[in-house]
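Rule-based calculations on the coordinates, nothing more; no lab input. Predicted model only: the values in this text are computed from it and were never measured. With ideal geometry, Cβ positions are generated from the backbone for all residues, glycine too; neighbour counts draw on all protein chains shown.
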Amino acid sequence: MNIKRISYVLALSGVLTGAILSVRVGALVIALGFMLFLSQDIRGMRPIARVIPIALVIALIAIALALPRG
């Protein structure tokens, strides 16, 4: 299976998990899928173009940590 497809499946499962069960776990799964999607392309990007994807991953992790438990 292609890495891009795996990242799409992870992102979709993260959205479904966030909508049905837990937003915290959903945000972490989406961040994992996004990191997997960018893993092949990040070296070829210009340094300024790397900022937004990395900031999005950090923001998803921060959202997951900031949400209250329960």
Quiz item: In sequence order, what are the phi-derived ³J(HN,Hα) couplings for segment 43-55 according to the Karplus relation 6.51 cos²θ - 1.76 cosθ + 1.60 with θ = phi - 60°, rounded to whole Hz, with x for glycine and proline?
Solution: 6, x, 7, 5, x, 6, 6, 7, 5, 5, x, 5, 5
Exercise. Please label the shape of the chain as rounded, prolate or oblate, based on the square roots a ≥ b ≥ c of the eigenvalues of the alpha-carbon gyration tensor (a/c under 1.5 means rounded; beyond that, a/b larger than b/c means prolate, else oblate).
Key: oblate
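If I take R0 = 22 Å and measure r between the Cβ atoms of Leu67 and Gln40 in this structure, what FRET efficiency does the formula 1/(1 + (r/R0)^6) give, to the nearest 0.05?
0.15
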